[in-house]
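S.K.: Quick one: structure below, then a few questions.
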Amino acid sequence: MATGRLGVGETLEALNAAVGPGSPVWFKETNARHLRVRDFLAPRSALQARFRDGQVPERVFSAVTCLQGPGVAPVLRCAPTPAGLSLQLQRPAVFERVLGALASYATPAKPASPGPRLVLHCPALRCNPSALRLSQLRAVLVADHLTRTLRAHGVCVRSVPSVRDPHMATFLQKLRVDWPTASKSTSTETLRTCVLAELNSVSEEETLPPGVLGRLCLKELVQRRPVAGYDPGIDNCLVTEDMLSVLSELQEAVHHWPEGGYPGLDGDPDSGVEGCMVVHVVSCEEAFQQQKLDLLWQKLDDQAPHKQKHLVCGPVKVAGVPGTQMTAPEYYELRYAQVCKASALKHGGDLAQDPAWTKNFDVLSVATIKFEMLSTAPQNQGYKQGMERGLYPAFPLVSSLDFSLLHDEGEWLLLFNSVLPFLDLLSQSVSLASTPGLHITVRTEMVCKFLVQLSMDFSSYYNRVHILGVSIQQKGVCGECGGHRIKTGRQEDKPGSFSFRNLGHTSLVRCLPAYSY
């Protein structure tokens, strides 16, 4: 059997190369109705622009039919249709290749050499959690999402600040946010000396508020900077000890990477400041102050990184709650109470007092919050727990399965529109490609839209195709209504039985959602 990860991008590139030089003509089909008959299409209009009278040369048909190469999916047939040149893949072979190595389609491959270095700074984590605003919570969750995604793509990410408040650390654990902690702060003496030197060069004296070391002018620096995006209203900056503490921690993060914590960086000549980017993930309320800190760092430290980008998260409004004054802990409690209420209505009783349900409520509440804040959803472990209790048979080896059983259009839809393009979508959602200006964007909404569509596709499929039979221990197939039993026209399933289709087909379909997105 051929090895290597199949890719939509690689297949499209090979298809367009087979047509010859010029603009791309092929695109991947996504419409469920069209996927019944084709997987890729070269529209008639594009072919007419490429070839005289739209007549595709025989050599193109031959090249497309015999398409091969790294990551290229095997072709079954290519034929002209009224819509254009229609191509269908060898679907059993694609199912076998993908489901036989599903982990490689859910997790990006680790690069051979160390990726770029990035310091990811989230100022909201210096707050007291009881005062954390929803816009700041969104910045925290986006920063966590960004960290995980970039690390999965081989980027060396260092998260700043290290959390010192134990209450914040506890709240992050509740949200399942993995962030470093520390017990002591870094020294600010060097920066303090630089500030005093700058202040001594200022002739005018003024009375400053308590806790303020002095006032520095940043306007000249804004005017000299070639990067667009800084607020033109930035003029003077009141320098405080807290600001120096923030800059000191950023300096430490840029200049001293933990030894052994990032393989391949130790002794790397390119691991200096020039090879490092700093990304500030801030709420919209913090954006102006963070620009001042960015400029202050450059004014006080001639070794400050020149590549600094700002990711600004917009405001958050909670449906049914007036204004945006709700704090992050209050928001969590609101969602937790709603999850408990919904579960009580569905299952009956006060399940919030049942320890067996408490963890599930926590997971669902956090998942709801993260999804609303444009992050990821959790994995369902129902089948695994049922298998451990003996309700369902063990999962067979993928190599023993007959992939020709997967002929339902919903099965191909799940693989072709979800599993295959997932890593490409993940790469598109977070890109560090050089962009002009101060700000960068992160397309977290692409991941959410993907999850919504994936959920709809699975729901539609499982509504038509019943994979796991409901055991007698869980629930009888015959229902009851008003004390009268209602026959469903099916025999009751025995514990551990599978409904409607054989074990091989069931195992194949369960491969599709086996890994959490």
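The values are calculated or read from the model by the stated rules, or taken from the named source; none is laboratory data. Worth saying up front: this structure is predicted, and the values here are computed from it rather than measured. No Cβ is skipped: glycine too gets one built from the backbone with ideal geometry, and neighbour counts run over all protein chains shown. Note: areas computed on protein heavy atoms with side chains; ligands, DNA, RNA excluded. Shrake-Rupley method; radii C 1.70, N 1.55, O 1.52, S 1.80 Å.
S.K.: When residues of region 16-37 are filtered for being open to solvent by 70 Å² or more (accessible area, probe 1.4 Å) and among the β-branched types (Val, Ile, Thr), how many remain?
M.R.: Final tally of qualifying residues: 2.
S.K.: If you don't mind, there's one more thing I want to ask. Could you please find all residues in region 97-112 being part of a loop (DSSP other than H, G, I, E, B) and aliphatic (A, V, I, L, M)?
M.R.: Matches in region 97-112: Ala101, Leu102, Ala109, Ala112.
S.K.: Name the residues in region 70-79 that are part of a loop (DSSP other than H, G, I, E, B) and open to solvent by 40 Å² or more (accessible area, probe 1.4 Å), would you?
M.R.: Pro70
S.K.: Residues of region 154-179 being assigned to a loop (DSSP other than H, G, I, E, B) and either of a type outside the set (S, T, N, Q) or in contact with a Cys (Cβ under 9 Å, 6 or more places away or on another chain) (or both), which ones?
M.R.: Within region 154-179, Gly154, Val155, Pro161, Arg164, Asp165, Leu175, Arg176, Val177, Asp178, Trp179 meet the criteria.
S.K.: On to the next question. Quick one: in region 94-116, which of the residues that are at pLDDT below 85 and over 22 Å from the mean Cα position of the chain (by Cα) is farthest from Cys276 (Cα to Cα)?
M.R.: Among those residues, the one meeting the criterion is Ala112.
S.K.: To continue, here is another question. Ala394 is checked against (1) modelled with pLDDT under 75; (2) in a helix (DSSP H, G or I); (3) more than 26 Å from the chain's Cα centre (by Cα) and fails just one. What number does that condition carry?
M.R.: The number of the failed condition is (2).
S.K.: Among the residues of region 210-242, what is the count of those that are aliphatic (A, V, I, L, M), in contact with a helix residue (DSSP H, G or I) (Cβ under 7 Å, 6 or more places away or on another chain) and open to solvent by less than 40 Å² (accessible area, probe 1.4 Å)?
M.R.: Qualifying residue count, region 210-242: 6.
S.K.: Scanning for something part of a loop (DSSP other than H, G, I, E, B), open to solvent by 20 Å² or more (accessible area, probe 1.4 Å) and basic (Lys, Arg), does region 80-91 turn up at least one residue?
M.R.: No: zero hits.
S.K.: Look through Leu132, Leu150 and report the one residue that is more than 24 Å from Lys307 (Cα to Cα) and either touching a helix residue (DSSP H, G or I) at 6+ places or on another chain (Cβ under 7 Å) or of a type in the set (A, V, I, L, M, F, W, C) (or both).
M.R.: Exactly one of Leu132, Leu150 is more than 24 Å from Lys307 (Cα to Cα) and either touching a helix residue (DSSP H, G or I) at 6+ places or on another chain (Cβ under 7 Å) or of a type in the set (A, V, I, L, M, F, W, C) (or both), namely Leu132.
S.K.: Determine which single condition Val447 fails, assuming it passes every other condition in (1) at pLDDT 75 or above; (2) under 23 Å from Gly100 (Cβ atoms); (3) surrounded by 15 or more Cβ atoms within 10 Å (Cβ to Cβ).
M.R.: (2)
For every residue, the table says whether it meets (1) assigned to a loop (DSSP other than H, G, I, E, B); (2) hydroxyl-bearing (Ser, Thr, Tyr); (3) out of contact with any Cys (no Cβ under 7 Å at 6 or more places or on another chain).
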{"residue": "Pro114", "(1), (2), (3)": "yes, no, no"}
{"residue": "Val119", "(1), (2), (3)": "no, no, no"}
{"residue": "Ala124", "(1), (2), (3)": "no, no, yes"}
{"residue": "Ser130", "(1), (2), (3)": "no, yes, yes"}
{"residue": "Ser135", "(1), (2), (3)": "no, yes, no"}
{"residue": "Leu141", "(1), (2), (3)": "no, no, yes"}
{"residue": "Thr149", "(1), (2), (3)": "no, yes, yes"}
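S.K.: Something else now. Among the residues that make up region 40-48, is at least one of them in contact with an Asp or Glu (Cβ under 9 Å, 6 or more places away or on another chain) and small (Gly, Ala, Ser)?
M.R.: No, the conditions are met nowhere in region 40-48.
S.K.: Of the residues in region 272-286, how many are closer than 13 Å to Arg138 by Cβ and either open to solvent by 30 Å² or more (accessible area, probe 1.4 Å) or touching a His at 6+ places or on another chain (Cβ under 9 Å) (or both)?
M.R.: Counting residues in region 272-286 that are closer than 13 Å to Arg138 by Cβ and either open to solvent by 30 Å² or more (accessible area, probe 1.4 Å) or touching a His at 6+ places or on another chain (Cβ under 9 Å) (or both) gives 5.
S.K.: Looking at (1) closer than 28 Å to Phe361 by Cα; (2) out of contact with any strand residue (DSSP E or B) (no Cβ under 6 Å at 6 or more places or on another chain); (3) among the small types (Gly, Ala, Ser), can you tell me which one Ser135 breaks?
M.R.: Failed condition: (2).
S.K.: Do we have any residue at all in region 70-88 that's aliphatic (A, V, I, L, M), over 22 Å from Val25 (Cβ atoms) and touching a strand residue (DSSP E or B) at 6+ places or on another chain (Cβ under 6 Å)?
M.R.: No, the conditions are met nowhere in region 70-88.
S.K.: Any residue at all in region 18-29 that's closer than 24 Å to Leu426 by Cα, basic (Lys, Arg) and under 34 Å from the mean Cα position of the chain (by Cα)?
M.R.: Within region 18-29, one or more residues are closer than 24 Å to Leu426 by Cα, basic (Lys, Arg) and under 34 Å from the mean Cα position of the chain (by Cα).
S.K.: Provide a single number: the residues in region 408-425 that are open to solvent by 20 Å² or more (accessible area, probe 1.4 Å) and in a helix (DSSP H, G or I).
M.R.: Of the residues in that region, 5 qualify.
S.K.: Could you please let me know if Thr193 is more than 30 Å from Met326 (Cβ to Cβ), out of contact with any Cys (no Cβ under 8 Å at 6 or more places or on another chain) and open to solvent by 80 Å² or more (accessible area, probe 1.4 Å)?
M.R.: Against the criterion (more than 30 Å from Met326 (Cβ to Cβ), out of contact with any Cys (no Cβ under 8 Å at 6 or more places or on another chain) and open to solvent by 80 Å² or more (accessible area, probe 1.4 Å)), Thr193 qualifies.
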